[in-house]
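Trainee: The structure that follows is given in the form of structure tokens.
What follows is calculated from the coordinates using simple rules that are stated; it is not laboratory data. Every value quoted in this text rests on a predicted model; they were computed, and no experiment measured them. Every residue, glycine as well, gets a Cβ built from its backbone with ideal geometry; the counts of neighbours run over all protein chains shown.
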Amino acid sequence: MTKVGMIPADCRNFRRAARRAGEIRYIVLHSAAGEGSARQQAERAAGYAAGVSAHYYVDGQAVWQSVADRDVAWHCGTRGAYAHPYCRNANSIGVALCGRVQDGRQTFLPETVRRAQALVRRLMARYGIPAENVLRHYDVTHKTCPAPFVESDARWAAFCAGLDGPAAGGQSKGRRRSASGAKRQK
Ligand SMILES: [Zn+2]
């Protein structure tokens with residue numbers, strides 16, 4: 001299991017809250033801006049008032065947490081129209097994958113994708129979040145984010161297929177979801 005370090009974000013980049021586990025109902029995936037490592041992304045969020053944040057940054061080597069799960073990160077809000085009826089910053093956790101830009105297109109390394117899948121599985125187990133509540137930023141506001149998973153349905157499908165495995169924390173036996181992912185865990 002990946003050990004998750006914490007670099008607290010600047011307090012101007014999120015809203016302090018006291019969310020209980022049952023209030024966290026969605027996981028929203030993003031691309032981190034630019035090409036920095038997970039640690040660099042978290043340090044950036046700690047260093048100035050960006051006005052945006054994610055709970056976690058993931059790269060091929062590590063996961064860094066920036067905003068505590070109980071607090072509300074600013075990752076999927078919009079002043080425009082929402083494409084999703086329910087998912088908002090207030091009821092979700094934002095996970096940002098760190099990418100590379102190749103030939104003008106953003107890509108994720110396979111090890112970054114695997115590490116993100118492991119983190120998402122762990123969060124799904126911790127909060128009883130079903131697979132259908134794991135969303136792209138695109139699904140919430142139609143922003144092209146995370147670009148590799150919006151530009152390629154196959155890559156998004158492959159990411160989702162990888163959520164049906166053991167949680168990174170273990171104890172996966174007998175906890176496989178149905179194809180619809182409808183089964184909720186305690
Ligand atoms: Zn995003």
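Trainee: Which of the peptides 121-133, 55-67 is most tightly packed, and how do the rest follow, going by the mean number of other Cβ atoms within 10 Å of each residue?
Mentor: Put in order of decreasing packing, that is 55-67, 121-133.
Trainee: Turning to a different aspect of this structure: Can you show me the helix-derived [θ] at 222 nm for the chain, built from DSSP H runs with n ≥ 4 at -39,500 (n - 2.57) apiece and divided by the number of residues, rounded to the nearest 500. Before the final figure, lay out each step's value.
Mentor: On the way: 5 runs with 47 residues, N = 186.
Computed mean residue ellipticity for the chain: -7500 deg cm²/dmol.
Trainee: Could you calculate the FRET efficiency of R79 with R15 from 1/(1 + (r/R0)^6), where r is the beta carbon distance between them and R0 is 25 Å, rounded to 0.05?
Mentor: So, using R0 = 25 Å, E works out to roughly 0.95.
Trainee: Can you list residues from other chains, or at least 5 along the same chain, whose modelled amide H is less than 5 Å from the amide H of I27?
Mentor: Answer set, sorted by chain and number: I93, V134, L135.
Trainee: Then there's this: Specify whether the C-alpha gyration tensor of region 97-152 places it in the rounded, prolate or oblate class, a ≥ b ≥ c being the square roots of the eigenvalues: rounded for a/c under 1.5, otherwise prolate if a/b is larger than b/c and oblate if not.
Mentor: oblate
Trainee: Given the Cα atoms of the chain, and with Rh set as the inverse mean 1/r over their pairs in the Kirkwood sense, what is Rg to Rh to two decimals?
Mentor: Here the Rg-to-Rh quotient is 0.93.
Trainee: Follow-up. At most 14 other Cβ atoms within 10 Å and a DSSP loop assignment: could you name the trypsin sites (Lys or Arg not before Pro) in region 19-62 that fit?
Mentor: Qualifying residues, ordered by number: R20.
Trainee: DSSP beta bridges in the chain, what fraction antiparallel, as a percent rounded to 5?
Mentor: The antiparallel proportion sits near 35 percent.
Trainee: Would you please give the residues with an amide H less than 5 Å from that of A32, counting only those at least 5 places away or on a separate chain, with H modeled from the backbone geometry?
Mentor: The list, which skips near neighbours in sequence, is L97, C98, G99.
Trainee: Does region 66-120 come out rounded, prolate or oblate by the C-alpha gyration tensor, with a ≥ b ≥ c the root eigenvalues, rounded set by a/c under 1.5 and, if not, prolate when a/b is larger than b/c and oblate if not? Provide the component values of the computation, followed by the final result.
Mentor: Working: a/c = 2.45, a/b = 1.48, b/c = 1.66.
Oblate.
Trainee: Under 8 Å for C-alpha pairs, at least 6 residues apart: give me the relative contact order for the chain, rounded to a whole percent.
Mentor: Worked out over the chain, it gives 25 percent.
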